[in-house]
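To start, the structure itself, in structure tokens.
The values are calculated or read from the model by the stated rules, or taken from the named source; none is laboratory data. Every value quoted in this text rests on a predicted model; they were computed, and no experiment measured them. Here the Cβ is made from the backbone with ideal geometry for all residues, glycine too, and neighbour counts use every protein chain on show. Areas reflect the complete protein model, heavy atoms only, side chains present, ligands, DNA and RNA absent. Shrake-Rupley method; radii C 1.70, N 1.55, O 1.52, S 1.80 Å.
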Amino acid sequence: MTDTVFPPRPTPVIPVKGQAGFPVGRIFCVGRNYADHAAEMGHEVDREAPFYFTKSAHSVLLSGNDMPYPPRTADLHHEMELVVALGAQAKDIAIADAMSVVFGYGCGLDMTRRDLQAAAKAKRRPWDTGKDFDNAAILGTLTPAEGLGDISDLAITLDVNDATRQSAQLSDMVWSIPEIIADLSSLYTLLPGDLIMTGTPAGVGQVVTGDVLCGRIGDFAPVNTRII
């Protein structure tokens, strides 16, 4: 059936360096993937298995656009992350083969209504309202993975109003990119267009109206926004 009672919402598309745009499917997010960040949030890293939450594709805000301060929060936080974009299907893929489905990489901001997340955690409820809301996934232009090789030596940083808030190496991730892809593919059939936000290093913190954010990873296109 092709007829619908109203037009379907458009699929968000992320720019790609030197290529056509990347249509976004699902957004998987890895929790507590940097030990220092887990510690600052009062948790220990569990090396038994990674854990995940999701954001809707319709939470995407493209880098360079302003982010309106979201409703029903007084504690909006930034979380700078490496974004891994998938370009092929993966189901129960082996760690050794996992990088074959990576299309490219980008910079992303996992914006969080921390007070709503904390309230949900206290009541042992899902985090959805703290993590999945309008403009909560701010994404920069993707760089194709072909020819890049290992990127674990790259630095990941976030500046707020030109002052550095977060700074680490991708090698600090508890779970590597192939480990994450292999594990996720045992839970879901991963598809082209899916994104993985791979976790944030220590230094997360509050932002307010007027703040300007700029996140960088190596030579990838930065992710920028201003809170309005």
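In table form, for the structure just shown:
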{"item": "Qualifying residue in region 166-187 (condition: in a loop (DSSP other than H, G, I, E, B), within 23 Å of residue 13 (Cβ to Cβ), of a type in the set (Ser, Thr, Tyr) and in contact with a strand residue (DSSP E or B) (Cβ under 7 Å, 6 or more places away or on another chain))", "result": "no"}
{"item": "Every residue from region 95-114 that is part of a helix (DSSP H, G or I) and open to solvent by 50 Å² or more (accessible area, probe 1.4 Å)", "result": "95, 96, 97, 99, 100"}
{"item": "Selection status of residue 215, touching an Asp or Glu at 6+ places or on another chain (Cβ under 9 Å), within 19 Å of residue 50 (Cβ to Cβ) and open to solvent by less than 20 Å² (accessible area, probe 1.4 Å)", "result": "no"}
{"item": "Tally, over region 16-31, of residues that are open to solvent by 30 Å² or more (accessible area, probe 1.4 Å) and not in a loop (DSSP other than H, G, I, E, B)", "result": "4"}
{"item": "Tally of residues being loosely packed, with under 15 Cβ neighbours inside 10 Å and modelled with pLDDT of 95 or more across region 135-151", "result": "0"}
{"item": "Count - residues of region 188-204 that are in contact with a strand residue (DSSP E or B) (Cβ under 6 Å, 6 or more places away or on another chain) and either farther than 18 Å from residue 106 by Cβ or assigned to a helix (DSSP H, G or I) (or both)", "result": "2"}
{"item": "Subset tally (residues that are of a type in the set (A, V, I, L, M), part of a loop (DSSP other than H, G, I, E, B) and modelled with pLDDT of 95 or more) for region 42-94", "result": "4"}
{"item": "Residue that is most open to solvent (accessible area, probe 1.4 Å) [pool: residues in region 198-212 that are under 21 Å from residue 141 (Cα atoms) and of a type in the set (Val, Ile, Thr)]", "result": "212"}
